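What follows is a set of notes on a single structure, which appears directly below.
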There are 2 protein chains.
Amino acid sequence: MAITLKDVALRAGVSRSAVSRTFTEGASVSEKTRKKVQKAAAELGYRPNALASSLTTGRTKLIGLVSDNFHNPIFLEVFDLFTKGLQERGLRPLLVNLSQQKDRDQALHLLRQYSVDGVIVASSTLPPSFAKSFRDAGVPVVNSFGRHTTSPDVHVVGIDNVECGRMAARTLIERGYRELAFMGGPEAATSTQDRLAGFREIIRETPGVSQTHSFAESYSFDAGRDEMKRLLAGTPAQAFFCGDDVLSIGALSAVRSSGLRVPEDVALIGLNDMEMAGWDNIALTTIHQPIQQIISSSIELVVAMLDDPDRYPEARLFPCHVVERATLQPAASL
Amino acid sequence: MAITLKDVALRAGVSRSAVSRTFTEGASVSEKTRKKVQKAAAELGYRPNALASSLTTGRTKLIGLVSDNFHNPIFLEVFDLFTKGLQERGLRPLLVNLSQQKDRDQALHLLRQYSVDGVIVASSTLPPSFAKSFRDAGVPVVNSFGRHTTSPDVHVVGIDNVECGRMAARTLIERGYRELAFMGGPEAATSTQDRLAGFREIIRETPGVSQTHSFAESYSFDAGRDEMKRLLAGTPAQAFFCGDDVLSIGALSAVRSSGLRVPEDVALIGLNDMEMAGWDNIALTTIHQPIQQIISSSIELVVAMLDDPDRYPEARLFPCHVVERATLQPAASL
DNA sequence: GCCCAGCGTGCAACCGGTTGCACAAAATTG
DNA sequence: CAATTTTGTGCAACCGGTTGCACGCTGGGC
């Protein structure tokens, strides 16, 4: 059995309270007993049981990290940054993989049973209502990469997807492309809808530019490749805005293996600027999403909510920008 | 405040014990009271506090999932499979990112403070002594993707890296290559050492075949590309066995952008068979590592250890096989 | 109608900590 | 040096559950 308070108290010749206090920040203990206790604790290898103390303090330092996309490599970067950032602040991520619908219904109960101090929903595909259910249950929640609305129910940190859609359209139009297409991620995802909306908005107000759109089944390589294959069987547009980098890379692969050239025959712009987009053999022109900022801001926000759970919900949006690589014709070629 | 046992007991008109027993498998409660309790619990939205019960039962259903590689996309697949598999068994993964040395020293304490029921160390680069420290502290541990030794201190699930090295060498030799090279991951990683050992063993016993080797700094795209660039500045070998797929893909990128052709000028074989290796624009010939089997076996093992923490340590090794794609000359061309 | 087995229940102690409160010891003040 | 404040400590109750034990009740066998 593990070493407990009592063991240390006994060895140090003090009460259990004294031991507890030596291990609590700001509690009143004399230097003398603190030393005694620390000595005894060190000899026994004592560590306070975080779970037991959570019972009285009401704090577990556990943060639920919920995601539903374990097939998009950008999420490895996301997990890396989240886990590092949380760890630095003494918080522990309890990971929840929502691969199935039924997991989704369970997630709230599960995280409540473990009394997590807060939850980060890292997904651009889960509906806002999902994040809201945590808030309704009184669990501090931040929806990272979520939808920005004018009257948010929960804290949202991410980008303005509508604006990204506009940016993509403007960029393609500037380069001289006139037959544009949007190849989105899952149709139901808010990120897909918003990106499409912004994209179409610009095209509608630009004479002489046409637009089509379609959707891939998920944010994954295979879905992107399959969807592009399907499009190539007909008459594809000149230039595509793909809902996401991994989708773009799948599409890129389909275009190249069909014998067409990128960007000469088909041009592509992605969104995210994941590590891989910069790889020499991919060289995807894409819209950079500042995931570092999004994640550190999300963490700051969830930390702030630990002290003030009823903090008024806010949306934090970070600007994106185009990263020029090799899948669009240079502007000069106009 | 959340609903507790007491609230439910009060409402159902029974003792707290009765409520507790209704929610414990196999406890003795009459059908009548169980119904009453369930009704009251449903009305109040009661969920037992998993952490509180862990105090007496000694079980948290928390499993530490420790890794140090958040830059190799294969680990996204690994996390996906682990989280799904653990969730299916009612276990929750507490994720630990060992990006820094100091995290490593803390990890054991941290996971003990949270009384995890077991730990999975998912890494081929952490030293065996790391996993052993958990065992020494009485925490059930499985080292997935770890080194297989003849006298293991802890449970190891993975592949025989030495045999993979042999397999790579045999494959390259069969294809007619004579100037072989090993481009490993971090030199200190046991997986690197073992793969090299097997590789050299076969070459030593095959007359007329030469061998060189070098190491990339980490298992990552950039490290692979940089190392291959360095090699291309000199006189590169005909055929490379790269320590890992992501390394191979980096190397592939360096070869192609230097103007050389794959496999005509430089041939490559990787290891892992990650999703990306099969992408059309990569098409890496590689040795398949059965990660699904490794992970589900790791989970089974950690589950088995919950009941029998002193289970005698075993090594579970799964066979690998070559997956033919486009980075080696076909055997027929001999 | 009596005896005993067995089931179901509640009491109370316990898991490993925290914390309000009362009180003793030490430090400060005049 | 007495009076007063400050500081430190231990007691005991509590957090939200679990569980050994004793006891009451029911039902079956004779």
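Taken together, the values in this text are just the output of simple stated rules run on the coordinates, not laboratory data. Predicted, not measured: the structure shown is a model, and the values here were computed from it. Using ideal geometry, Cβ is built from the backbone for each residue, glycine included, and neighbour counts are taken over all protein chains shown.
Measure off 7 Å from each Cα along the Cα-to-Cβ vector at residue A:233 and residue B:311, then give the distance between these two points in nanometres to one decimal.
4.8
Take A:164, A:320 and order them by how many other Cβ atoms sit within 10 Å, fewest up front.
Ascending number of Cβ neighbours within 10 Å: A:320, A:164.
Pairs of Cα atoms under 8 Å, at least six residues apart: use those to get the relative contact order of chain B, whole percent.
15
Filter the GluC sites (Glu not before Pro) in the stretch B:150-243 to those in DSSP coil with at most 12 other Cβ atoms within 10 Å of their Cβ, and list the result.
B:205
Got a sec? How would B:173, B:159 order by Cβ neighbour count within 10 Å, fewest to most?
Least to most surrounded, the residues fall as B:173, B:159.
Using alpha carbons only, how many degrees (0 to 90, rounded to 10) separate the axis of helix B:161-174 from the longest principal axis of chain B?
30
Could you check the simple spin-label distance between residue A:88 and residue A:304, using points 7 Å along Cα→Cβ, in nm with one decimal?
Calculated label separation equals 1.7 nm.
Quick one: net charge around residue B:201, please, counting Lys, Arg +1 and Asp, Glu -1 for every other residue with C-beta under 15 Å from its C-beta.
It works out to a net charge of +1.
Nearest 10 degrees, 0 to 90: what angle lies between the long axis of helix B:221-233 and the longest principal axis of chain B (Cα atoms)?
10
Mind checking the mean number of beta-carbon atoms from other chains within 10 Å of the Cβ atoms in B:245-255?
For this peptide, the per-residue mean of nearby foreign Cβ atoms is 2.
When Cβ neighbours within 10 Å are restricted to other protein chains, what is their mean count per residue of peptide A:110-118?
The per-residue average across the peptide is 4.
Can you work out the PRE-style zone for residue B:17? Point 7 Å along Cα to Cβ, and I want the residues of the stretch B:24-43 with backbone N under 20 Å.
Hits in the stretch B:24-43 for residue B:17 at 20 Å: B:24-38.
Helix B:74-88 versus the longest principal axis of chain B: what angle, 0 to 90°, nearest 10, using Cα atoms?
The answer is roughly 20 degrees.
Can you list the copy-to-copy distances for residue A:326, using a point 7 angstrom from Cα toward Cβ, in nanometres, shortest first?
Those separations, rounded to one decimal, come out as 1.5 nm.
Expressed in nm to one decimal, what extension gain is obtained for the pair residue A:35 and residue A:204 from 0.36 nm per residue of sequence separation less their Cα-Cα distance?
53.5 nm
Could you grab the relative contact order for the stretch B:201-334? Cα pairs under 8 Å, six or more apart, rounded to a whole percent.
21
Starting from the 7 Å offset along Cα-to-Cβ, what nm value, one decimal, do you get for the label separation of residue B:151 and residue A:47?
That separation, rounded to one decimal, is 2.8 nm.
Which distances, shortest first and in nm, link residue B:258 to the matching position in the other copies, using label points set 7 Å out along Cα to C-beta?
Nearest first, the other copies' label points are 3.4 nm away.
Could you pull the copy-to-copy label distances for residue B:290, with points set 7 Å along Cα to Cβ, in nm to one decimal and sorted shortest first?
In nanometres, ordered from closest: 4.8.
Contact order normalised by length for the stretch A:99-256, with contacts defined as Cα pairs under 8 Å and 6 or more residues apart; what percent is it?
19
How much net charge surrounds residue A:116 when only the other residues with a Cβ under 11 Å from the Cβ of residue A:116 are counted, with Lys and Arg +1 and Asp and Glu -1?
Residues near residue A:116 contribute +4 overall.
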